[in-house]
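Novice: After the C-alpha cells below, expect a handful of questions from me.
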Amino acid sequence: MDTQLGIVPFLVAIAIYVFFSYCLVTLAKKLGDAKAWWGWVPILQVLMMIRLAGLSYWWFLALLVPIVNIGVAIWIWIRIAQKRSKPGWIGALMIIPGLDLFVLGYLAFSN
C-alpha cells in the first residue's frame with residue numbers, strides 16, 4: 001500500500017516536467033530557436049532560457065549564487081516575455097510556484 005502512495009507524486013512530477021518541457025520547446029520554436037529540442041534536457045533548458053532572453057551564457061553562473069539567482073531568474077523571464085511581445089510583469093510571475101505553469105502556458109501558446 002505504501003508504494004502506491006509514492007507513485008502519485010512521482011506521476012504528478014513527471015506530468016509537470018513534460019508540460020514544462022513541451023512549453024519551453026513551443027516557446028523556443030515561436031522565438032525562432034533552432035535548438036528547441038534543448039527544452040527536453042534539464043541543464044540545457046536553463047541555457048536555452050538564457051539564450052531565448054538574449055543574454056550571455058555567463059548569466060548561468062549568476063544562477064548558481066543563492067539569492068542572486070532569484071533576481072536573475074526574474075530578469076530572464078521578463079526578457080522572454082518581452083520577446084513574446086507581452087508585458088515584462090507577466091514574465092516576473094514565473095517566480096510564483098503554481099502560477100508559473102499557467103504563465104508558461106500563456107507565453108508558449110498565446111499569439
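What follows is calculated from the coordinates using simple rules that are stated; it is not laboratory data. Just so you know, these numbers come straight off a predicted model, no measurement behind them. So basically every Cβ, Gly included, is an ideal-geometry build from the backbone, and we count neighbours across all protein chains shown.
Novice: If you add up the charges near Y106, with Lys and Arg at +1 and Asp and Glu at -1, over every other residue whose beta carbon is less than 10 angstrom from its beta carbon, what do you get?
Specialist: After counting each charged neighbour, the total is +2.
Novice: Let me have the 222 nm mean residue ellipticity of the chain computed from DSSP H runs of 4+ only, each contributing -39500 (n - 2.57), with the sum over all residues rounded to the nearest 500.
Specialist: Value at 222 nm, helices only: -21500 deg cm²/dmol.
Novice: Given the alpha-carbon gyration tensor of the chain, what are the semi-axes of its equivalent ellipsoid in whole angstrom, ordered largest first, with each equal to the square root of 5 times an eigenvalue?
Specialist: 25, 17, 14
Novice: Shape call for segment 36-92 from the C-alpha gyration tensor, a ≥ b ≥ c root eigenvalues: rounded (a/c under 1.5), prolate (a/b greater than b/c) or oblate? Walk me through the intermediate numbers first.
Specialist: On the way: a/c = 1.95, a/b = 1.11, b/c = 1.76.
Cα axes put segment 36-92 in the oblate bin.
Novice: Something else now. Using 7 Å Cα-to-Cβ label points, what is the A92/N111 separation (nm, one decimal)?
Specialist: Calculated label separation equals 2.8 nm.
Novice: Here's something else I'd like to know. Distance in nm between label sites at Y17 and I70, each 7 Å beyond Cα in the beta-carbon direction?
Specialist: About 2.7 nm, to one decimal.
Novice: Report, in debye and to the nearest 20, how large the dipole of the chain comes out about its Cα centre when Lys and Arg carry +1 and Asp and Glu carry -1 on their Cβ.
Specialist: Dipole size: approximately 520 debye.
Novice: How would Y17, Y22 line up from fewest to most surrounding beta-carbon atoms within 10 angstrom?
Specialist: Y17, Y22
Novice: Using the Kyte-Doolittle scale, find the helices of the chain whose mean hydropathy is at least 1.0 and whose Cα atoms extend 24 Å or more along the helix's long axis, counting only whole DSSP H runs. Can you show the working numbers first?
Specialist: Values: long enough: 2-30 (43 Å, 1.39).
Helices meeting the span and hydropathy rule in the chain are 2-30.
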